[in-house]
Amino acid sequence: MGKVLVVARREYLAAVATRSFLIGLALMPVLMGGGAVLPRLLTARPDLETKRIVVFDASETSRQSEANEIDGNNQLEPLGRILQQMAEHRNQREIVDESGRPTGPRYEIDLRLVEHLTDALRLEQSDRIRSKEIFCFVELDTRLFDLSQPSASPTTDRTGTGAAFYADGGALSDVRRWFDRAISDAVRERRLQAAGLNPEVVQQANRPVAVEGFGLVERDRDGGIRKAETVDRLSAIFLPMGLMLAMFALLWMTAQPSLESILEEKQLRISEVLLGSIQPIQWMTGKLLGSVLCSLTTLAIYAGAALVVAWYLDYWEKIPWKIVPWFVVYQLLGVTLYSSLFMAVGAAANSTKDAQSLMMPLLIFLLLPMFVWFNVIRDPDSGLAVGLSFYPPATPLLMIVRMMVSSSIPVWQSIGTMLAMLLGTGVCVFAAARIFRIGILSQGHTPSLRELGRWIVSG
Amino acid sequence: MNVIELHDVCRSFGARLAVDRLDLTIAAGRIHGFIGPNGSGKTTTIRMILRVFAPDRGQVIVFGKEHGEVADDRIGYLPEERGLYKKMRVHDVIKFFADLKGSRHSQADIDDWLRRFSLADRANHRVESLSKGMAQKVQFIAAVIARPELLILDEPFSGLDPVNRELFKDAILDLKRGGMTVLFSTHDMSVAEQMCDSICMIHRGRKVLDGPLDEVRRQYGEDTIRVRTGLTNSELLRLDGVMRINDLGRMRELRMRQGADVQSILRNLVQAGPLEHFELGHPTLHDIFLRIAGDTCAQNECAQNEGGVDG
């Protein structure tokens, strides 16, 4: 045990008592927060360049005759003209803040009423887009009013829906989204009129009802019934996601240096010197212990900072105290599991490049929870969420998410996942120790996955 | 008492036989040289003594035990390929190895060794700031700091300048005088010749020579003549009784045929031209090494004509 502690102490000091550790501590929240702050910074400087748009409206002939049959008059505005009016309304009302400053680009629509559009005309307009003369052009035809068309979105298919949007890489542009909405609204109105319904009445009837989200009602310490708290987006999505990302970052911040440390010992032949002084299993255990201590230090620093911020922002009540012990235990087991696997990779590799190759198959297993976390937040008691919670590399991340979202995780699941995690960690440490014992002496040859399997089985 | 005993030890890696039926005995309190060319099985043998590898066959007995643990605290080990944590300070890295071995009197010993190796003023410097020679000194101190009973040094003199070589040599001799058993592998025959009480030569995994140094040299007899003369190598080779020449530059070593008459060779040399130096002696360890390695090579690879010039 003495040797294990000596190695653990060295590993801990080598990781913590460095400038890079402090820089990493400071950078991690910056990087994580950057994801949230950057879009805001970008929207703070909106694109204000006017978008010139050509709308070819070939829908008029049949629509007009249709309208005549319904209303018996010729007073209906062409669809393209309505879009022009909607764009003007947007330019004057929707993209100006309270102080009168523009918050978005103006849309200037050049309306062309045509019988039909030829390919030559489409090419001409495409060239105008290429030369930046216009931003896009839109094509409307008679099929917009054909109710037999099974379209959900009028612009998804030019040949099928009667509306098409042409732009240079504009599939996801705001302009296209605006036309999606505007054309839908205008056409819907026409269709309602065609059906003899008052669009205003229908709009009233279609007004959505917002369902307010609450948590569960529970008894307080005095035996009274405590009202359920409102579940806002912060506690429903961002808090679980933030905690999961924090856990993920803590695991990787600890496991990655373990790999690098082993690789350094192997490349600099320190491993050769250590072999005469310590058994490989003691060596690896000491390094794992050092990693765990390092992650606890990181956690303590971040937790302390988070508490200060929560107190300052008056979020004290939002702190999920019940989850804190689980978080710590899952984190410790996670660090042990991840670090042991990373150490095994470091011991088997001869260079950083080797380590990257060996990490690839491992990453698929370790990153699995990152692909499903949103499904787990949406339905924390689904079969997928419960099943994956018993998969040790995913347990710490998904269980924290589930515990944050749902207060009714059965006890058997909490204990069961913990036992699965313990078992999984034990298996990983055992396998990693066997790879470590052989790999640390192996020089010049990177083992294949099959060889690694043989090392694990035969020892 | 024997500190190490190897009996009929074999070890292979895949199809390659690294150590083949090796017997070796190392007595306590002596310096034992382990000699052999690269790839001859020295490091594999050392790793079996350290219990890093188990033998495929045979017995490896260390301190009287056949089944010991890896990293015995009574053994100090300086590997051939060695490194240190670059970011650690000199004092801390030595203390780390002392602590790993459970040394109780490390602080005083660290100070003594640092002073002895003129590193006292570098104690708080990072390892990465040291020259190669200084780093080698730190590595040596790390191996001996816990006062092991058996010290295993794998090529301890490689890359050392003459001053540091003397420093290491004196340190090893002092450790021996303090009762430590030392096993070191080396290519440097002159060092082995100066320091070792006994030697073992291993070639292609098999022991080809073993025993106290004097006995080994006696075994090869007084068959070497060192001369300084104006004759060419071809003229010397034509002398009756001379089998091979080792050209050392100013001096040349003539190896005599078995049963050749020294007096006759001396007479012929004097008659052939001016003779400045004539000395009859045992072959050096280097010469013995070359003879064995060369003989093995000749048997296996390059059938050479009898007679020739080395050097």
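The values are calculated or read from the model by the stated rules, or taken from the named source; none is laboratory data. The structure displayed is predicted, hence computed values, not measured ones. With ideal geometry, Cβ positions are generated from the backbone for all residues, glycine too; neighbour counts draw on all protein chains shown. For the accessible areas, the whole protein counts, side chains as well, though only heavy atoms, and no ligand, DNA or RNA atoms are used. Shrake-Rupley method; radii C 1.70, N 1.55, O 1.52, S 1.80 Å.
Taking label positions 7 Å along the Cα-Cβ direction at both B:ALA27 and A:GLU124, the computed distance is 11.1 nm, reported to one decimal.
All other residues whose Cβ lies under 13 angstrom from that of A:LEU197 are scored, Lys and Arg at +1 and Asp and Glu at -1, for a net of +1. When the square roots of the Cα gyration tensor eigenvalues are ordered a ≥ b ≥ c, the ratio a/c for the stretch A:323-394 is 1.5 or more and a/b does not exceed b/c, which makes its shape oblate. Note on B:ASP72: accessible area is roughly 40 Å² with a 1.4 Å probe, heavy atoms of protein only. Note on A:TRP412: accessible area is roughly 150 Å² with a 1.4 Å probe, heavy atoms of protein only. Burial of accessible area (probe 1.4 Å, heavy atoms of protein chains only) in the stretch A:272-287, relative to its chain alone, reaches at least 20 Å² for A:GLU272, A:VAL273, A:LEU274, A:LEU275, A:GLY276, A:SER277, A:GLN279. In the stretch B:34-81, comparing the full protein assembly with the chain on its own, the residues that lose 30 Å² or more of accessible surface at a 1.4 Å probe are B:ARG47, B:VAL52, B:VAL70, B:ALA71, B:TYR77, B:PRO79, B:GLU81. For a quick check of your reading of the filter: which chymotrypsin sites (Phe, Trp or Tyr not before Pro) in the stretch B:1-103 sit in a DSSP loop and have no more than 13 other Cβ atoms within 10 Å? Nothing satisfies the criteria. Note down the net charge around B:VAL182, summing +1 for each Lys or Arg and -1 for each Asp or Glu among other residues with Cβ under 10 Å from its Cβ. Every neighbour counted, the sum reads +1. The residues of the protein assembly as shown expose on average 51 square angstrom of accessible surface per residue, using a 1.4 Å probe on protein heavy atoms.
For the pair A:THR352 and B:GLU66, a Förster radius of 35 Å applied to the C-beta separation gives a FRET efficiency near 0.30, rounded to the nearest 0.05. Heavy-atom accessible area, probed at 1.4 angstrom with all protein chains present, ranks A:TYR312, A:TYR338 as A:TYR312, A:TYR338, highest first. Pairs exceeding 21 Å between alpha-carbon atoms, taken from B:LYS95/B:LYS176; A:LYS287/B:LYS65; A:LYS353/B:LYS137; A:LYS266/B:LYS207; A:LYS3/A:LYS353; B:LYS65/B:LYS101: B:LYS95/B:LYS176; A:LYS287/B:LYS65; A:LYS353/B:LYS137; A:LYS266/B:LYS207; A:LYS3/A:LYS353.
Solvent-accessible surface of protein heavy atoms, probed at 1.4 angstrom with all chains present, puts B:HIS203, A:HIS89, A:HIS116 in the order A:HIS116, A:HIS89, B:HIS203, largest first. So, counting K/R as plus one and D/E as minus one, what does the shell of residues with Cβ under 9 Å around B:CYS10 add up to? Around B:CYS10, the charge tally is 0. Placing +1 on the Cβ of every Lys and Arg and -1 on the Cβ of every Asp and Glu, with nothing else charged, gives the protein assembly as shown a dipole about its Cα centre of roughly 1620 debye. Considering only beta bridges that DSSP places wholly inside chain B, some 65 percent are antiparallel. Treating each Cα of the stretch A:385-459 as an identical point scatterer and summing with the Debye formula, the log10 of I(q)/I(0) at q = 0.11, 0.24, 0.27 Å⁻¹ comes to -0.42, -0.98, -1.14. What is the percent carbon and sulfur in the accessible area of the protein assembly as shown, measuring with a 1.4 Å probe over the protein chains and ignoring ligands? Taking all protein chains in place, the protein assembly as shown shows 55 percent carbon and sulfur surface. Summarising the label geometry, the points placed 7 Å from Cα in the beta-carbon direction at B:SER158 and B:ASP112 lie 3.0 nm from one another. Rounded to the nearest 10 square angstrom, A:LEU293 shows an accessible area of 70 square angstrom against a 1.4 Å probe. Here the stretch A:103-143 yields Rg over Rh of 1.01, to two decimals, using C-alpha coordinates and the Kirkwood radius.
Fully extending the segment from A:VAL30 to A:TRP252, taken as 0.36 nm per residue of separation minus the present Cα-Cα distance, adds 78.3 nm. Across the stretch A:333-343, computed HN-Hα scalar couplings (Karplus, 6.51 cos²θ - 1.76 cosθ + 1.60, θ = phi - 60°) run 5, x, 4, 4, 5, 4, 5, 4, 5, 5, 5 Hz from first to last residue, x flagging Gly and Pro. Whole-Hz Karplus ³J(HN,Hα) for the stretch A:272-282, in order, using 6.51 cos²θ - 1.76 cosθ + 1.60 and θ = phi - 60°, x for Gly and Pro? So the J values, rounded to whole Hz, are 4, 5, 5, 4, x, 10, 8, 6, x, 5, 5. Taking 19 Å as the straight-line reach from the Cα of A:LYS227, the lysines in range (excluding those fewer than 8 positions away in the same chain) are A:LYS318, A:LYS322. Specify whether the C-alpha gyration tensor of the stretch A:188-231 places it in the rounded, prolate or oblate class, a ≥ b ≥ c being the square roots of the eigenvalues: rounded for a/c under 1.5, otherwise prolate if a/b is larger than b/c and oblate if not. Prolate. Our summary of shape: the Cα atoms of the protein assembly as shown have principal axis extents of 144, 79, 49 Å, ordered from largest down, in whole angstrom. Considering only B:GLY83, A:TYR330, B:VAL9, and ranking their Cα positions along the charge dipole of the protein assembly as shown that arises from unit charges at the beta-carbon of Lys, Arg, Asp and Glu, the one farthest toward the positive end is B:VAL9. Working from label points 7 Å from Cα in the Cα-to-Cβ sense, the A:THR50 to B:HIS125 distance is 7.2 nm. If you look at the Cα atoms of the stretch A:167-265, you get an Rg and a Dmax of 26.3, 82 Å.
Computed from phi, the 3J(HN,Hα) profile of the stretch A:345-357 under the Karplus parametrisation 6.51, -1.76, 1.60 (θ = phi - 60°) reads 5, x, 6, 7, 8, 10, 8, 4, 5, 4, 4, 5, 5 Hz, with x in place of Gly and Pro.
Our compactness index for chain B, the C-alpha radius of gyration over the empirical 2.2 N^0.38 Å, is 1.16. Summed over both chains, the contact between A and B buries some 2100 Å² of accessible surface at a probe radius of 1.4 Å. What number, rounded to the nearest 500 deg cm²/dmol, is the helix-based mean residue ellipticity at 222 nm of chain B, given -39500 (n - 2.57) per DSSP H run of at least four residues and division by all its residues? Value at 222 nm, helices only: -10000 deg cm²/dmol.
The DSSP beta bridges internal to the stretch B:39-196 are antiparallel in roughly 20% of cases.
Mind listing P(r) for chain A? All alpha-carbon pairs, 20 Å bins, whole percents. Spelled out per bin, shortest first, that is 19, 34, 30, 16, 2, 0. Have a look at B:HIS187, B:ALA123, B:HIS67 and report the one farthest towards the positive end of the charge dipole of the stretch B:2-217, computed about the Cα centre with Cβ charges (Lys/Arg +1, Asp/Glu -1). About the Cα centre, the residue reaching furthest to the positive side is B:ALA123.
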